[in-house]
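The values are calculated or read from the model by the stated rules, or taken from the named source; none is laboratory data. Because the structure is a prediction, the values reported are computed rather than measured. When we count neighbours, we look across all protein chains shown, and the Cβ atoms used for this are built from the backbone with ideal geometry, even at glycine.
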Amino acid sequence: MLGRRETGLGEDAASGASTGGREAAPAHPNRLPTDWWRRNPRYVLYMLREFTAVPIAIWMVWFLVEIGRARGGSAGYRPHQSLAFVIFSVVCLVFAVWHSFTFLRLSGLIVRIPLGERTVPASAIVAGSFGLLIVATVVVGGLLILGGR
Amino acid sequence: MPDKTITLSVTRFDPDLDPEPRQQSYEIPFKDDMVVLDGLNWIKTHLDGSVNYRWSCRMGICGSCGMNVNGTPKLGCSAFLRDYLPGPVVVEPLPNFPVVRDLVIDMSSFMEKLSAVKPWIIREQGAIGTGEFLQTPAQTEQYRQFSMCINCMLCYSACPVIAIEPEFIGPAAIALARRYELDSRDQAGDERLRTITASDGIWDCSFVGECSAVCPKGVDPARAIQQTKFDSTLGVLLPWGGK
Amino acid sequence: MRHPGPNRLEGLFWALFAQSAVLTALVIPAHILVQGVLGPLGIVPAFDQHYSTFAAGLGNWLVKLYLFIVFGATFWVFAHRVRYTLLEIGVPGGKQGLGVVTYGLAGLATLVAAYLLLTVP
Ligand code: SF4
Ligand code: FES
């Protein structure tokens, strides 16, 4: 092998060389910079996952505005119907689904349900969570639709 | 020089002379089976004997050779140069640790965190040396993955929380706490749990997950942390509580 | 030295976040899909598209309770995630300071939701 002679300093020699018996000089802190999240795609996806909370919360504020309008009685009530609201909702929906997908997958991976000496396999928990998402969507969506008839 | 070469840009820092770390480039002969550590050894032997770095086993076991390779924490002995063609390959000291010299970092913060979780088997009675303590393969499987840690500290370098809150006890220490908690022979009770659920413990983690992505041994510290969050809050908040 | 002993407050904040995030993951896509897209486009009826059906729905105490929990959950998830992310990208204020601001904001928004739900006919 190229250059594989025992000339590289091992751990002890290296740290000994660095302080060499005198007052240790100040080391350089070398923290990850605050723009760490642009360093690789995994970090970016993490940021995207956390960001989903923002459009979801904003959409819920619009829902609150609608409830506020309903306090004025039937005369003044205007539901959200504009095209802009639909486009805004589509964008929020994408983020909401991304939250559902990432959170249910990750929580399925970390939840540990003992089953005798073993634990329930993560894949089963994740599959169960996604099943629950479908059921919840059908039930909640169904009620919201039925309530409008 | 052989026909094929590759350039390594290595961080140089002498705290007595340099105000800031700087990069120095070395052109070295390239062979297909060379890892970054081979490159550094070639530089040390043939070009510049003053380059400092740690290594020992050359086979991903000792955990000494952690370094940032093109911005990602890697074991120098496991990162093949061929994966970084055509180069240059930027080799830097692991972030989130003070740089003592060149690629050598000060790991004392990690040592404190590691010993805080008492990473050994604790017995109330019958010390582990006094006899056989049987364990089924299924019981071993509960913690086996977490026991593969080689203390290389790559996960600490990948963790943005450590950069902001240096006291955060961090991925490997929590994974090792989990490793002993899940061991059927361990009788420490909630001793380690009290340490890792304290301030500067698991609650600092926001599940970025990069620790698990960079771990060279397939340990999943992010999972250990979230599992501990889940288990330690179960008893308080869910009707079927307890562990 | 490390101070041993659980930080129960942070544990509570996290547990609230985790449960809220599960609820958000399960029910929010349906709300946005029906109330934000299908309803306004007239593809399906939706309970908030007409005053009569909206008022009837909001008049039900179970619906009020459910919506209160959903509002609280989404705002808490927002607060928790924003708190950590801001901290991690170097926004000053510290973990505690950012916590007061974000959780405070979520608490306030949840109170507004409670007030509106209680006073809607
Ligand atoms: S958990 Fe993995 S990355 Fe972290 S110190 Fe252990 S082996 Fe290294
Ligand atoms: S030299 Fe031992 S892990 Fe790389």
*Flag for B:F110 being within 14 Å of chain A (Cβ to nearest Cβ), within 22 Å of B:R223 (Cβ to Cβ) and assigned to a helix (DSSP H, G or I)*: yes
_Being surrounded by 17 or more Cβ atoms within 10 Å (Cβ to Cβ) and modelled with pLDDT of 95 or more: is that true of C:V63 here?_
no
*Condition test on B:K74, is it within 16 Å of ligand 2 (Cβ to nearest atom), over 15 Å from B:P95 (Cα atoms) and at pLDDT 95 or above?*
no
*Taking the options B:D14, B:D33, name whichever one is under 28 Å from B:K217 (Cβ atoms) and either facing chain A (nearest Cβ under 9 Å) or in contact with a strand residue (DSSP E or B) (Cβ under 7 Å, 6 or more places away or on another chain) (or both).*
B:D33
*asked:* If I filter segment B:55-68 down to residues being over 17 Å from B:K44 (Cβ atoms) and touching a helix residue (DSSP H, G or I) at 6+ places or on another chain (Cβ under 9 Å), which single residue comes out as farthest from ligand 1 (Cβ to nearest atom)?
replied: B:N68
*Under the condition of being at pLDDT 95 or above and of a type in the set (A, V, I, L, M), which residue from segment B:77-98 is nearest to ligand 1 (Cβ to nearest atom)?*
B:L94
_Cβ-Cβ under 6 Å, sequence separation 6+ or interchain: first residue in segment B:51-66 and more than 9 Å from chain A (Cβ to nearest Cβ) and under 22 Å from B:A158 (Cβ atoms), partner more than 6 Å from ligand 2 (Cβ to nearest atom) and of a type in the set (S, T, Y). Which pairs?_
B:G60/B:S78
*If B:R178 satisfies every condition in (1) buried (at least 24 other Cβ atoms within 10 Å of the Cβ); (2) free of Cβ contacts under 8 Å to residues at least 60 places away in the same chain; (3) under 22 Å from B:F97 (Cβ atoms) but one, which is the exception?*
(3)
*Is it the case that some residue within segment B:201-208 is within 16 Å of ligand 1 (Cβ to nearest atom), surrounded by fewer than 24 Cβ atoms within 10 Å (Cβ to Cβ), in a helix (DSSP H, G or I) and of a type in the set (F, W, Y)?*
no
_With the requirement that a residue be more than 14 Å from the chain's Cα centre (by Cα) and either facing chain A (nearest Cβ under 7 Å) or not in a helix (DSSP H, G or I) (or both), what does segment C:3-31 give you?_
C:H3, C:P4, C:G5, C:P6, C:N7, C:A30
*asked:* Among the residues of segment C:46-68, what is the count of those that are outside any helix (DSSP H, G or I) and more than 8 Å from chain A (Cβ to nearest Cβ)?
replied: 2
*Test for A:V120: is it in contact with a Gly (Cβ under 6 Å, 6 or more places away or on another chain) and either surrounded by fewer than 18 Cβ atoms within 10 Å (Cβ to Cβ) or among the aromatic types (F, W, Y) (or both)*: no
*Under 7 Å by Cβ, and 6 or more places apart or on different chains, what pairs join a residue from segment C:95-121 that is on the phi < 0 side of the Ramachandran plot and among the polar types (S, T, N, Q) with one that is surrounded by 14 or more Cβ atoms within 10 Å (Cβ to Cβ) and modelled with pLDDT of 95 or more?*
C:T102/C:A79; C:T102/C:V82; C:T102/C:R83; C:T110/C:F71; C:T110/C:G72; C:T110/C:F75
*Quick one: is A:R149 without any contact (Cβ under 8 Å) to a residue 60 or more places away in the chain, outside any helix (DSSP H, G or I), over 25 Å from the mean Cα position of the chain (by Cα) and farther than 23 Å from A:W59 by Cα?*
yes
*asked:* For segment B:116-171, give me each residue that is in contact (Cβ under 8 Å) with a residue 60 or more places away in the chain and outside any loop (DSSP other than H, G, I, E, B).
replied: B:A116, B:Q145, B:F146, B:M148, B:L154, B:C155, B:Y156, B:S157, B:A158, B:I162, B:A163
*Determine which single condition B:G49 fails, assuming it passes every other condition in (1) assigned to a loop (DSSP other than H, G, I, E, B); (2) under 26 Å from B:C215 (Cα atoms); (3) modelled with pLDDT of 95 or more.*
(2)
*Residue tally, condition away from ligand 2 (no atom under 16 Å from the Cβ) and either free of Cβ contacts under 8 Å to residues at least 12 places away in the same chain or of a type in the set (V, I, T) (or both), over segment B:210-228*: 3
*Taking the condition over 25 Å from C:V91 (Cα atoms), in the same structural domain as B:Q139 (by TED's automatic domain parsing) and either of a type in the set (S, T, N, Q) or in contact with a Ser or Thr (Cβ under 8 Å, 6 or more places away or on another chain) (or both), does B:A172 pass?*
no
